[in-house]
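The values are calculated or read from the model by the stated rules, or taken from the named source; none is laboratory data. A quick note: this is a predicted structure, and the numbers were derived from the prediction, not measured. Methodologically, a virtual Cβ is constructed for each residue, glycine included, from the backbone with ideal geometry; neighbour enumeration extends over all protein chains shown. Remember, those area values only see protein heavy atoms, side chains included, never the ligands or the DNA or RNA. Shrake-Rupley method; radii C 1.70, N 1.55, O 1.52, S 1.80 Å.
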Amino acid sequence: MKELVVISGKGGTGKTSLVASFSVLAGEKIMADCDVDASNLHLLFNSSVIRQIPFYGLKKARISEELCVKCGDCEDYCHFGAIDNSFVDGLSCEGCGVCKLACRAGAIEMVEHIAGQIEFSDTEYGPMVHARLGVAEDNSGKLVAEVRKMARQIAEDKNYELIITDGPPGIGCQVISCLSNADLVLVVTEPSRTGIHDMERVLSLVEHFDGRAAVCINKWDISASNTGEIEDICYSKNIPVVGKIPYDMTVYNALKNGIPYIRKKDSPASTATLGIWDSLLKML
Amino acid sequence: MKLAVASGKGGTGKTTVSVSLAITMAQRKRVAFLDCDVEEPNGHLMLNPVLQHKEMVAVLVPEIDEQKCDSCGYCAEICAFHALAVLPGNTLVFPEMCHACGGCWNFCPKQAITPVDNYIGVVEEGRAEKVRFVHGRLNVGVAMSPPLIRAVKAKAKNDELTIIDVPPGTSCPAVKSVEGVDFCILVTEPTPFGLHDLDLAVQVLHQLKIPCGVVINRSDGLDLTVEEYCGRCKIPVLQKIPLDREVAEGYAAGIPAVLVKKEWGELFSELMDKVEEVVSS
Ligand code: SF4
Ligand code: SF4
Ligand code: SF4
Ligand code: SF4
């Protein structure tokens, strides 16, 4: 079984539209939407949630008013400023449990905390796993890992050969959590100063974790000179550029209508995407 | 005043708005631009600041004194973040997992653990013409951005208009960046993705009790769904910024929207006036 992880560093490079189009092109596969902050992939499919399971984050501290003797030790020990006057602020508590160790009155208990939901959906292009992290929740890296684990399990059960993972933005814990054991990491970039900057950061992250990367350039004709620079950077790092997608209003219009743009056949963007998909399959 | 510029999803033009607003307002008053998107800082690419000051930011991680440690395993047991592993004769620390909670060094029965600095990134400061500029850069491979975000925010001064560029998303980095601001501008675009993620961002701000308003970027005039949403949630639409190819190309070359189109200065002054109106009411 192979997993293709698609990331972009910065947002708005058209990554999700591209993943949706790959999903139309691929045969039997499962999709994993790992942008657990703001999962969007399902908006481009006819999808319905068939099952939901809670995602437990780290436990949170709770102080029993009856047992607490107001000594203030817990407040002194909490490195996150989450305790004020023997009251725990749930938003700031990171669940380290240090206050419980510090409390000599045994007044602190660590309680289960649901930090989000993992959702399983059916779409016209196959099963999909996605997640919704509760508002203002921490621990998103772990949720990403869970989504990938669930997707892998389903793929094994169904004997599917391919997992397509829509990765989160940035280079932090969520992305790091997406890179382990990925067979191929496709970095979607655009030829802007910020796009190049973020691509370089995300490529060094992939390198740092010994991943195998490929790059594709979206809206490449917005700036041919920046596109050239991206190609040079990739060449010097020995990373293949698997394709260039032109600026095409079809993509924006398809997005507005909530469908993968590849369904508008023969548009310049679709043709380019077909080529990219072929190269990726060969690499996998 | 502390003003955050955020967007649920990336790529909605948040930095276009924050940078253009900073340049416009700097004609009128003292302005500081704080880029809290420490994973992918982009503000400097548009503002081109001269960076004069650099400061390394560290978090604490445990260091084990092998002489004192008797491999009892207690530290690994209490570490909620699985940042420690005790093998016979060797206790391992995984700094990228550590949250610096202090559990292990406070409670090791042999007092074999001391906290030491682990550098996670830098805060850089400088000036971009009239704008005071600060940003943070997270070292590649570091998972924990909140301490660096806190260090960037610590550079805010009270006598300035502070504009904070917030990282995308709704989880800890975004929350840590908006915490404590007086108002948050949410930048969205009129697509299903934009609306979906705007709704998530609004929920976060409600939970944090931070007042907010919306800027519709790449507006083609047909933004009914976004406007309906804002009406329903009683959130003011502060400004609409048109879809413009010249601005998009300027962005690609690293030129802020207000410098590509001078007449857009008006758009951003108006935006600030509306923010002030909402904040004071
Ligand atoms: S569990 Fe940790 S973060 Fe939460 S209140 Fe206790 S000491 Fe503070
Ligand atoms: S340490 Fe225990 S007894 Fe002391 S204030 Fe905290 S909860 Fe109360
Ligand atoms: S708790 Fe202290 S003595 Fe025990 S394994 Fe950890 S470092 Fe060693
Ligand atoms: S400081 Fe806290 S998180 Fe870090 S290793 Fe020690 S117990 Fe674990």
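At a Förster distance of 51 Å, what's the computed FRET efficiency of A:Lys158 paired with B:Gln111, Cβ-Cβ distance as r, to 0.05? Don't skip to the answer; put the middle values down first.
Working: r = 53 Å, r/R0 = 1.05.
With a Förster radius of 51 Å, E is 0.45.
About the Cα centre, and with charges only on the beta carbon of Lys, Arg (+1) and Asp, Glu (-1), how big is the dipole of chain B? Nearest 20 debye, please. Can you show the working numbers first?
Values: 27 positive and 36 negative charges, 113 e Å.
The calculated dipole for chain B is roughly 540 debye.
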If you rank B:Ser280, A:Ser192 by how much accessible surface each has, with a 1.4 Å probe, what is the order from largest down? B:Ser280, A:Ser192
Rounded to the nearest 100 Å², the accessible area hidden between A and B, summed over both chains at a 1.4 Å probe radius, is 4700
Any chance you could check the Cα centroid distance between the range A:119-193 and the range A:231-260 for me, in angstrom? 20
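Kirkwood Rh, the range B:66-111, all Cα pairs: how many Å? Working shown, then result.
Details: mean 1/r = 0.0942 Å⁻¹.
Roughly 10.6 Å, rounded to one decimal.
Just from its helices, what would the mean residue ellipticity at 222 nm be for the protein assembly as shown, if runs of 4 or more DSSP H residues each count -39500 (n - 2.57) and the sum is divided by every residue, rounded to the nearest 500 deg cm²/dmol?
Numbers: 20 runs with 199 residues, N = 565.
My calculation for the protein assembly as shown gives -10500 deg cm²/dmol from helical runs alone.
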No Cys partner within the rule (Cβ under 4.7 Å), chain B: B:Cys36, B:Cys69, B:Cys72, B:Cys79, B:Cys98, B:Cys108, B:Cys172, B:Cys230, B:Cys233
Just to confirm, what accessible area per residue do you get for chain A at 1.4 Å probe, in whole Å²? 41
Could you calculate the contour length gain from B:Glu276 to B:Cys233, that is, 0.36 nm times the residue separation minus the distance between their Cα atoms, to one decimal place in nm? 13.5 nm
Treating cross-link reach as a plain straight distance, find the lysines whose alpha-carbon is under 24 Å from the alpha-carbon of A:Lys70, omitting any fewer than eight places away in the same chain. A:Lys59, A:Lys60, A:Lys100
Which one, B:Tyr74, B:Met97, B:Val57, projects farthest toward the positive side of the charge dipole computed for the range B:52-164 from Cβ point charges (K/R +1, D/E -1)? B:Val57
Fluctuation leader among A:Ser17, A:Ser177, A:Ser223 - chain A, Gaussian network, Cα springs under 10 angstrom: A:Ser223
The protein assembly as shown - charge dipole about Cα centre, Lys and Arg +1 at Cβ, Asp and Glu -1, debye rounded to 20: 420
For chain A, can you list the cysteines whose C-beta has no other cysteine C-beta under 4.7 Å from it? A:Cys34, A:Cys68, A:Cys71, A:Cys78, A:Cys93, A:Cys103, A:Cys173, A:Cys178, A:Cys216, A:Cys234
Mean-square fluctuation maximum in Gaussian network of chain A, Cα pairs under 10 Å, restricted to A:Cys234, A:Cys178, A:Cys99, hits A:Cys99
Rounded accessible area of B:Val275 (nearest 10 Å², 1.4 Å probe): 0
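How large is the charge dipole for the range A:60-111, taken about the Cα centre, if only the Cβ atoms of Lys, Arg (+1) and Asp, Glu (-1) carry charge, to the nearest 20 debye? Write down the numbers at each step before the final one.
On the way: 5 positive and 9 negative charges, 31 e Å.
Rounded to the nearest 20 debye, it is 140 debye.
Excluding ligands, DNA and RNA, what is the solvent-accessible area per residue of the range B:221-281 at a probe of 1.4 Å, expressed in Å²?
Working: 3370 Å² over 61 residues.
Here the residues of the range B:221-281 average 55 Å² of exposed surface.
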A:Ala224 versus A:Ser279, label points 7 Å from Cα toward the beta carbon: distance in nm? 1.9
Just to confirm, what accessible area per residue do you get for the range B:5-143 at 1.4 Å probe, in whole Å²? 42
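Give me the percent of accessible area attributable to carbon and sulfur for the protein assembly as shown, probe 1.4 angstrom.
Values: 11670 of 23330 Å².
Carbon and sulfur atoms account for 50 percent of the accessible area of the protein assembly as shown.
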Computed over the range B:66-111: relative contact order in percent, which uses C-alpha pairs under 8 Å that are six or more apart: 40
Give me the percent relative contact order of the range A:1-115, please, defined on Cα pairs under 8 angstrom at least 6 residues apart. 26
Any lysines with Cα under 24 Å of the B:Lys2 Cα? List them, leaving off those in the same chain fewer than 8 positions away. B:Lys14, B:Lys29, B:Lys54, B:Lys130, B:Lys153, B:Lys155, B:Lys157, B:Lys176, B:Lys209, B:Lys234, B:Lys240, B:Lys274
Simple spin-label estimate for B:Leu51 and B:Lys262 in nanometres, 7 Å along Cα-Cβ: 3.2
Given Cβ charges of +1 for Lys and Arg and -1 for Asp and Glu, the option among A:Leu255, A:Pro240, B:Pro167 whose Cα lies farthest towards the positive end of the dipole of the protein assembly as shown is A:Leu255
Using a Gaussian network for chain A with springs between C-alpha atoms less than 10 Å apart, which of these wobbles most: A:Pro268, A:Pro169, A:Pro191? A:Pro268
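Cα gyration tensor of the protein assembly as shown, axes a ≥ b ≥ c as square roots of the eigenvalues: rounded (a/c below 1.5), prolate (a/b > b/c) or oblate?
Values: a/c = 1.60, a/b = 1.23, b/c = 1.30.
Oblate is the answer for the protein assembly as shown, as a/c is 1.5 or above yet b/c matches or exceeds a/b.
Normalising by the residue count of chain A, find the relative contact order in percent from Cα pairs under 8 Å and 6+ residues apart. Display every interim value, and only then the final one.
Numbers: 597 pairs, mean separation 73.6, N = 284.
Result for chain A is 26 percent.
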Cα convex hull of the range B:83-144, projected area averaged across orientations, nm²: 5.8
Quick check: net charge around A:His197, other residues with Cβ under 13 Å of its Cβ, Lys/Arg +1 and Asp/Glu -1? -4
Using the Kyte-Doolittle scale, find the helices of chain B whose mean hydropathy is at least -1.0 and whose Cα atoms extend 18 Å or more along the helix's long axis, counting only whole DSSP H runs. B:192-208, B:265-280
